Structures are given as C-alpha cells and as structure tokens.
Amino acid sequence: MSFLSRNFTSLTPYVPGEQPKSTKKIIKLNTNESPYPPVDEVSKSVAEKALYLNLYSDPECTLLRNELAKALGVSPGNVLPVNGSDEILYFAFMAFCDDDHPIAFPDISYGFYPIFAKVNRIPAHIIPLKNDFSINYKDYCGLNENIVIANPNAPTGLMLTLDEIEEIVKTNPNNVVIIDEAYVDFGGTSAVPLTKKYKNLLVTQTFSKSRSMAGARLGMGIGSEELICDLNTIRNSFNPYNVNAMTQAAGIITLNNGDYYTENCKKIIEAREYTYSELLKLGYKVLPSFANFLFVGKENINGETFYRYMKEHDIIVRYLPGPRTSDYVRVSIGTLEEMQTFIQCAAEMTKEI
Ligand SMILES: *Cc1c(COP(=O)(O)O)cnc(C)c1O
C-alpha cells in the first residue's frame with residue numbers, strides 16, 4: 001500500500017548522473033562538473049565555519065549577497081542566493097506559474113523543467129527545437145506565457161544571441177522570462193545587464209559548473225527587486241536557511257579568486273575545442289558547443305551502446321533516453337589529458353562497432 005498523495009502518483013523524478021563510489025580510477029564525464037578542485041582557501045574557510053555549526057546560517061546571506069552583487073554589477077536587492085540553481089528554478093515555477101500562467105520551454109532542454117512543472121501542476125507548453133537542434137527564438141516572441149530557456153542550452157550546447165533573448169523578453173512584458181545561465185562562463189554572453197532594463201527577466205546562475213562547487217550547492221537568481229522579492233516570499237515560506245554557513249563562506253572566497261576560475265574555464269574551452277575537432281576527424285556527429293560538454297553521436301551506434309562501450313573502458317558519459325536524443329550522448333569536458341583518453345577510446349569504438 002502506498003501513502004503517496006494522488007497528486008504525485010504519476011510523477012517521474014529526475015535521474016541524476018551516476019556518482020561512482022568505487023576507488024577504481026574512472027574518467028567521469030557525465031555530470032558537467034569541473035575537473036578542477038576549488039581554490040585552496042575554500043577548504044580553510046569551510047573548516048573555520050564548521051566551528052560554528054551550532055548556529056544557524058545568515059538567512060539573508062548578507063556578505064555573500066553583497067559580493068555577488070558587486071561581481072555581477074547589480075544591487076544586493078537584485079540577487080537571491082539559493083541552494084543550487086535548481087532551487088531558484090523551482091521557486092520561480094512556484095512563484096510565477098499557475099493554470100492561467102503556463103510555462104513554455106524547448107522539447108530538448110534541462111530535464112528538470114518538465115518535472116518542476118508537473119510537481120507544481122503547472123501546464124507546460126513544450127516547443128520543439130529545429131531539426132538542427134537550435135532554438136527558433138521567434139517561437140517564443142509574443143507568446144504571452146512564462147518562459148524558461150537554458151542559454152547555452154543543455155544538452156546541445158547551442159545558444160541564442162543576446163539580441164534574440166532581448167526580443168523574447170521585450171515581447172512578453174506581462175510574463176516572466178527565465179534565462180538559465182548554468183553554462184554561461186564557457187563562452188556565452190550573460191543577460192544579467194538586461195535585468196536592469198526589463199522587470200520581467202530572471203537570470204539564474206550556479207557555482208556548480210564553472211566554479212567547482214557542485215557539492216556545496218550554491219546558485220542564484222538575478223532580476224528586478226519585484227521578482228526577487230516574490231522569490232524571497234517563496235523561499236521564506238519554505239526554508240529561510242537554504243544556503244548553509246559553509247557554502248556561504250566558500251562562495252565568498254570563490255568570488256574573491258575570480259582569476260583562478262577564469263583560467264580553469266579557459267582550459268576547459270581549449271579541451272572542448274580539441275575534443276570537438278578530433279571527434280569530427282573520426283567521423284562523429286557533434287554540435288559546436290558554448291558549454292562544458294559536447295552533444296555527440298555516431299552513425300550506427302546508438303546512445304546507449306556508446307555509453308556502455310565507454311563505461312566498459314572506465315569512462316562515464318551521459319546517455320539521454322528520449323525520441324530525439326537517444327542517438328546521442330552528452331560528454332562533459334574534463335582535463336585535456338582526460339579528453340585525450342576519451343578520444344583514443346572513441347577511435348577504438350569506431351573500429352570495434
Ligand atoms: C546543472 C544545471 C543546473 C543546476 O545546477 P545546480 O547544481 O542546481 O546549481 C541548472 N540548469 C541547467 C541547465 C544545468 O545543467
């Protein structure tokens with residue numbers, strides 16, 4: 001017998017990428033984490049904070065929020081730090097969507113969007129990508145619905161220009177447009193400056209990918225004071241201590257060491273471009289990417305076979321079941337050395353299969 005509310009009996013939850021527990025040396029290219037550790041001072045500040053874990057964290061994240069605002073060129077009232085950007089996305093769905101305010105997003109995008117809609121019983125308007133996997137931004141202009149778009153998009157790595165984003169925001173003045181910038185630091189252009197001009201634009205970012213803090217859970221929303229205030233109402237009706245003290249401290253240190261992370265992004269972009277051109281030479285299908293992953297396929301090898309072959313060779317990539325994605329895998333970009341091993345394995349796979 002199940003006690004689950006009938007509201008949730010048909011819910012299919014998100015399946016996170018595997019986090020292998022074995023000590024065997026594997027190359028983990030499945031969850032878009034950074035291959036580089038946080039800057040050294042992060043562990044020191046986390047250890048210091050741990051001495052005061054008897055106390056609640058600052059519910060307003062005052063110091064972190066100020067530093068974030070400075071880094072983003074906005075005011076502290078325009079930023080809301082949260083427990084990973086998944087949380088701000090969830091809050092935004094809750095805050096701004098209902099039966100009369102559905103949410104629109106592409107058919108191939110972040111797997112959480114349809115789940116967040118379902119769990120909140122929000123009607124989802126799913127708009128197919130073009131055949132080349134790009135977003136036709138005109139599909140979203142004057143839609144009169146709330147909209148969420150990952151830019152760059154996942155798992156494709158393709159992106160819209162800032163002008164196209166602005167057109168979407170401008171032509172939906174009575175709706176909230178959420179731009180999910182989880183991957184913006186790998187070659188995208190941020191829409192944060194547009195938040196000063198448009199009250200209906202919410203930009204979300206995360207420390208999980210480019211800032212080596214996936215395990216600490218830190219993300220943020222950036223937008224007009226009105227949007228941030230509404231999101232704060234939801235947050236304070238859920239968990240005012242959503243960002244723990246150690247994560248707040250780690251976030252500040254991370255922001256103060258921007259050069260280290262910029263350098264890491266540069267290395268990841270170089271490794272991505274190397275991987276992209278080598279895959280093309282080997283006859284793979286691969287989309288040009290502005291993120292820290294590649295969307296890769298091979299004639300006559302489906303995504304699941306690709307995934308299994310790599311796994312047998314101690315490389316984990318992400319297989320994406322679904323009508324339009326099952327011929328592909330998503331390959332996160334690791335260090336150049338890891339990508340060289342991946343390319344060797346990809347070369348062998350074409351001979352063996
Ligand atoms: C990884 C990811 C996020 C969420 O990351 P958090 O770890 O929750 O900050 C959000 N959107 C997209 C598209 C992502 O790939």
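Numbers below:
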{"quantity": "Every residue from region 87-100 that is surrounded by fewer than 21 Cβ atoms within 10 Å (Cβ to Cβ) and either within 15 Å of the ligand (Cβ to nearest atom) or farther than 24 Å from Leu143 by Cβ (or both)", "calculated": "Tyr90"}
{"quantity": "Single residue of region 148-173 satisfying the filter (closer than 19 Å to Ala124 by Cβ and more than 16 Å from the ligand (Cβ to nearest atom)) that is surrounded by the most Cβ atoms within 10 Å (Cβ to Cβ)", "calculated": "Ile168"}
{"quantity": "Within region 232-249, tally of residues that are open to solvent by less than 40 Å² (accessible area, probe 1.4 Å) and closer than 30 Å to Val39 by Cβ", "calculated": "8"}
{"quantity": "Filtered residue count, region 98-119, keeping only those that are more than 22 Å from Gly322 (Cβ to Cβ) and without any contact (Cβ under 8 Å) to a residue 60 or more places away in the chain", "calculated": "3"}
{"quantity": "Residue pairs meeting the criteria (Cβ under 7 Å; at least 6 apart or on separate chains; first touching a residue at least 40 places away in the same chain (Cβ under 8 Å), in region 74-91; second part of a loop (DSSP other than H, G, I, E, B) and within 11 Å of the ligand (Cβ to nearest atom))", "calculated": "Pro81/Leu218; Asn83/Arg217; Gly84/Ser208; Gly84/Arg217; Gly84/Leu218; Ser85/Ala182"}
{"quantity": "Residue match in region 210-228 (condition: within 21 Å of Ile103 (Cα to Cα), surrounded by fewer than 16 Cβ atoms within 10 Å (Cβ to Cβ) and either at pLDDT 95 or above or more than 14 Å from the ligand (Cβ to nearest atom) (or both))", "calculated": "yes"}
{"quantity": "Residue match in region 298-310 (condition: part of a strand (DSSP E or B), in contact with a Pro (Cβ under 9 Å, 6 or more places away or on another chain) and closer than 30 Å to Arg217 by Cβ)", "calculated": "no"}
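The values are calculated or read from the model by the stated rules, or taken from the named source; none is laboratory data. What you see is a predicted model; the values in this text were computed from it and never measured. Don't worry about glycine lacking a Cβ; one is built from the backbone with ideal geometry, like all the others, and counts go over all protein chains shown. Accessible surface is based on the protein model in full, side chains and every heavy atom, while ligands, DNA and RNA are left aside. Shrake-Rupley method; radii C 1.70, N 1.55, O 1.52, S 1.80 Å.
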